[in-house]
Amino acid sequence: VNRAIVISALDNVATALEALEPGETIQAGALSVAVAESIPRGHKVALRAIDAGEVVVKYGSAIGHASASIGAGMHVHTHNVASDRGRGDLAAAEGAR
Amino acid sequence: MTQAFLGYTRPDGQVGVRNHVLVVPTVICAAVVAERIAGAIAPIGAALPHLAGCGQIGPDLSVTHDTLAAYTRHPNVGAVIVVALGCEQVIAQYLADTARQAGKAAHIVSIQGEGGTVRATARGIEIARGLAVELGRAERAWCPASSLVVSVKCGGSDYTSGLASNPAVGRVADKIVDMGGAVVLGEIAEIMGAEHLLAARASAPATAAHLLRVVRRVEAEAMALGLDIRGTQPSPGNIRGGLTTIEEKSLGATHKAGERTRLEDVVPYAGRITRRGLTVMETPGLDVESVTGMVGGGAQIVLFTTGLGTPTGNPIAPVIKITGNARTAQTMADNTDVDVSAILTNAGSFDEAATRLFDELCEVASGRPTASERLGHREFAIHRRNATI
């Protein structure tokens, strides 16, 4: 049974199908990734290091960019990924400047 | 042509999967009387209680008018009673005429005209009972899948939606379109981030441009508020369920419109779906407003995927609930019609799930009640475009 699923070969994240714990390894094609921190079921784990500002890819498409650098095997979620769409807050901050 | 389900062929050539007496209040002031009339002939009676019909101007008024009119000509409706107050903006005669043009019996009951709640309710119930007897004589006949207009919708999404239930529904969408039917996808905000995939499947460059224009407009409207759309998209429940951004939610959500259906048309809220293949409708992301609009456009049935579980139904169209989350299938068993969680445990395949879903679709189209129908879920909400004046 898969513990994590990678949808497209272009993806730099996998989705955990069960809660993952540090010390275990997930298999993504030929790549084996050591889980670096607890990943709740349904959440994403980085398949490789993702630099701050780099695009995060799932389903083969961009889902946002890394707002902090993310190490391989780390939890990828709202604390280190920012959306690039519908960001009226950024536009407002830009206008106020 | 392959016969797929037992439906009601209407005088205007459309095919219904239900045969309701629709009791439509022109205005909120007539909603209670309409509900009492419909309740007297439950479950064949279907009321459309809504919050508008007066105090409206411009596009807000026309959306209300158009949505109510769309329900009066809907193929799941066999006959119509319009309940008016008597001094409102929405025109009862227009709604009744729309129903008659579609070949349906239509009556108007005016609360001020009848002389109050008691007399209007009694008059309405008398008419409703007569109509119910007439509709009871109608018989279902075999109809081809090409006569189906199926709404695809997701709500209460989690990680299983994009990985299991939406792609499973997408395979059914592909099959319906292959058989000559139509599929409608709403929720423009939840196309944001995946619009390039749908635009690439447009049958004409103008249709692709139309879709991109609509998505840009909705994004600009959200941004004009000076706020971050992340306050609602993804929702707090989506985020707990593992969805990080609207782009991720959208990419998972658009799977339910199929993998190879051609985008044929983009229509306004509750606008008539006239093309076979895939139509995108401009609806907001709120589930009930979205389903209300897509059924108004002519969808007879809704395939609704959920990760966290949700009860949403519709007054006239059956809503089939599908989950890819095995826990939700148990904790929300009351509200769940089809469990496709085997896809994620490798115990089942997408093809097996799609076959089960298509069979369920045909059974429900032929009359089997869904969970939302059994539980009396008849949510109805018209999209409001501006403030009440």
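The values are calculated or read from the model by the stated rules, or taken from the named source; none is laboratory data. Bear in mind the structure is a predicted one, so any value in this text is a computation, not a measurement. Neighbour counts are summed over all protein chains in view; Cβ atoms, including those assigned to glycine, are modelled from backbone coordinates with ideal geometry. Side chains included, ligands, DNA and RNA excluded: accessible areas come from the protein's heavy atoms. Shrake-Rupley method; radii C 1.70, N 1.55, O 1.52, S 1.80 Å.
Here is how the numbers come out for the structure above:
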| read-out | value |
| --- | --- |
| Net lengthening on full extension, residue B:240/residue B:216 (0.36 nm per residue, minus Cα-Cα) | 5.9 nm |
| Within the stretch B:201-233: backbone nitrogen closer than 16 Å to the residue B:385 label point (7 Å, Cα to C-beta) | B:214, B:217-218, B:221 |
| Under-5 Å amide H pairs with residue B:105, H placed in peptide plane, nonlocal only | B:80 |
| Interface burial for A against B (accessible surface, 1.4 Å probe, total of both chains, Å², rounded to 100) | 2600 |
| Residue among B:214, B:77, B:266 with the largest mean-square fluctuation in a Gaussian network model of chain B, springs linking Cα atoms under 10 Å | B:214 |
| Residue-by-residue Karplus 3J(HN,Hα) for the stretch B:190-201, coefficients 6.51, -1.76, 1.60, Hz, glycine and proline x | 9, 9, 4, x, 10, 5, 4, 6, 6, 4, 5, 9 |
| Label-to-label distance, nm, for residues given as residue A:67 and residue B:146 (7 Å Cα→Cβ offset) | 5.2 |
| Residues losing 50 Å² or more accessible surface upon assembly, the stretch B:207-240, compared with the chain by itself, 1.4 Å | B:223, B:230 |
| Tail beyond 12 Å, pair distance distribution of the stretch B:307-357 (Cα, percent) | 63 |
| The stretch B:259-282 versus the stretch B:306-351: alpha-carbon centroid distance in Å | 25 |
| Heavy-atom accessible surface of the protein assembly as shown: percent carbon and sulfur, 1.4 Å | 55 |
| Alpha-carbon spread of chain A, three principal axes, descending order, Å | 51, 23, 21 |
| Over the protein assembly as shown: helical MRE at 222 nm, DSSP H runs n ≥ 4 each giving -39500 (n - 2.57), nearest 500 | -9500 deg cm²/dmol |
| Overall dimensions of the protein assembly as shown by Cα: Rg and Dmax, Å | 23.6, 78 |
| Folded to 0 to 90 degrees: helix B:58-72 orientation relative to chain B principal axis, Cα | 80 |
| Cα shape, the stretch B:195-296, gyration tensor, a/c 1.5 rule | prolate |
| Calculated P(r) tail over 15 Å for the stretch B:264-338, as whole % of Cα pairs | 56 |
| C-alpha long axis of helix B:205-224 to longest principal axis of chain B, angle in ° | 80 |
| Rounded Å value of the spacing that divides the Cα centres of the stretch B:9-26 and the stretch A:38-75 | 49 |
| Gyration tensor over alpha-carbon atoms, the stretch B:105-212, equivalent ellipsoid semi-axes in Å | 42, 21, 16 |
| List of the stretch B:127-171 residues, accessible area with partners at least 10 Å² below that of the chain alone (1.4 Å probe) | B:159, B:162, B:163 |
| Lys pairs under 14 Å by Cα in the protein assembly as shown, provided they are eight or more residues apart or on distinct chains | 8 |
| Computed lengthening from residue B:28 to residue B:139, 0.36 nm per intervening residue step minus Cα-Cα distance | 36.5 nm |
| Degrees between helix B:287-296 axis and first principal axis of chain B (Cα, 0 to 90, nearest 10) | 60 |
| Listing of the stretch A:31-48 residues, each with accessible area lower by at least 30 Å² in the full protein assembly than in the chain alone (probe 1.4 Å) | A:41, A:42, A:43, A:44 |
| Efficiency of FRET from Cβ geometry, residue B:209 and residue B:232, R₀ 25 Å, rounded to 0.05 | 0.35 |
| Distance histogram in 10 Å bins (all Cα pairs of chain B, percent per bin) | 5, 24, 33, 25, 11, 2, 0 |
| For the protein assembly as shown: accessible area per residue (Å², 1.4 Å) | 38 |
